[in-house]
Amino acid sequence: MNETDLKSFDLNGFVVQEGALTEANIDSLLERIAQFEKTEYPGHVLEKHGNSYRAFHGCHLYDAHFEELTRLPQMLGPAEQILKEQVYIHQLKVNLKQAFSGEMWPWHQDYIYWKKEDQIPTDAIVSVMIFLDDVTEFNGPLFFIPKSQNLGCIDTNKAPDSPEGWEGNVSATLTYQVDEDTVSALVKDGGLFSATGKKGTAVWFHGNLVHASPPNISPNARRLVILTYNAISNTPGAQIPSAKQRPEFLNGRDRAALNMLERVSLLG
Ligand code: SIN
Ligand code: MN
């Protein structure tokens, strides 16, 4: 990531990098995803209507292609640049937003989940989403409020209609949402940005950036992978017992520093 990108990330809370993955890389990931659809793994989540998958969580824990993705230089390199130290994977998920049926994500910040649910001490944690389909205004892109990360972590109560437990944290009725007055004030200041682009595009975003996404009523799927890297120095300290922590597919237990992949072998 060059200086301009890093400055843009600091200023706006996100930065877009085109061409982070090749067609071959994407095809091999999509092939794996097609397999996941036929298999039951922990961390697979359905949409509310129950007719299609919403997300696959923790794929790097059971699939070597996704594990390789976490260590590609174009992913691991910028994560270390942004956080200025070595990192590990806290979360990896494939959000599918399937044609005609992909549901919305309400306005929220991500870090509040990692803080309240996983005891991650600070916001020295960053996500990158990588588009596996072309993302347009039609198939449910993420909306960002630029500069909203500057407000820090907005304390919110649990939404009363959200499902109990970790399921609420990944549903269309999210546990911790940002209220409409706050969103309106933030948009007045920072405006809105729609994260669209060609497949293979990577978008880095800050843990406190306020974001949301509308349903996908189009005939085109909007599949993307989100990797969340945490700084080694930001590893949770005194831990609640493992059985009471969120499952490993939402709260990574392997907190050793990742090593850069030297040679791509699986990803096309
Ligand atoms: C997210 O907020 O983590 C994902 C939103 C989306 O996939 O549209
Ligand atoms: Mn989010």
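The values are calculated or read from the model by the stated rules, or taken from the named source; none is laboratory data. This structure is a prediction, so every number in the text was calculated from the model and none was measured. Counting neighbours? That spans all protein chains shown, and the Cβs are built from the backbone with ideal geometry, glycine included. Heads up: the accessible areas ignore ligands, DNA and RNA and are worked out on the full protein's heavy atoms, side chains in. Shrake-Rupley method; radii C 1.70, N 1.55, O 1.52, S 1.80 Å.
What to note about this one:
- Here segment 30-54 is the region considered, the condition is being of a type in the set (A, V, I, L, M, F, W, C) and out of contact with any Lys or Arg (no Cβ under 9 Å at 6 or more places or on another chain), and the residue that is surrounded by the most Cβ atoms within 10 Å (Cβ to Cβ) is Phe36.
- Inter-residue pairs, beta-carbon under 8 Å, first over 15 Å from Leu250 (Cβ atoms) and in segment 93-110, second open to solvent by 30 Å² or more (accessible area, probe 1.4 Å) and within 9 Å of ligand 1 (Cβ to nearest atom), 6+ apart: Met104/Pro214
- When every residue of segment 249-263 is checked against the conditions, at least one turns out to be open to solvent by 60 Å² or more (accessible area, probe 1.4 Å) and under 15 Å from Glu117 (Cβ atoms).
- Contact annotation: residue pairs with Cβ atoms under 7 Å, 6 or more positions apart or on different chains, pairing a residue in segment 190-216 that is free of Cβ contacts under 8 Å to residues at least 60 places away in the same chain and of a type in the set (Gly, Ala, Ser) with a partner that is open to solvent by 40 Å² or more (accessible area, probe 1.4 Å) and within 10 Å of ligand 1 (Cβ to nearest atom), are Ser194/Phe143.
- Test result for Ala99, surrounded by fewer than 19 Cβ atoms within 10 Å (Cβ to Cβ) and within 14 Å of ligand 2 (Cβ to nearest atom): no
- Filtered by the rule that a residue be among the aromatic types (Phe, Trp, Tyr) and in contact with a helix residue (DSSP H, G or I) (Cβ under 6 Å, 6 or more places away or on another chain), segment 65-88 gives a lone residue, Phe66.
- Filtered residues of segment 55-75 (kept if open to solvent by less than 10 Å² (accessible area, probe 1.4 Å) and either under 15 Å from the mean Cα position of the chain (by Cα) or among the basic types (Lys, Arg) (or both)): Ala55, Phe56, His57, Gly58, Cys59, Phe66, Leu69, Thr70, Met75
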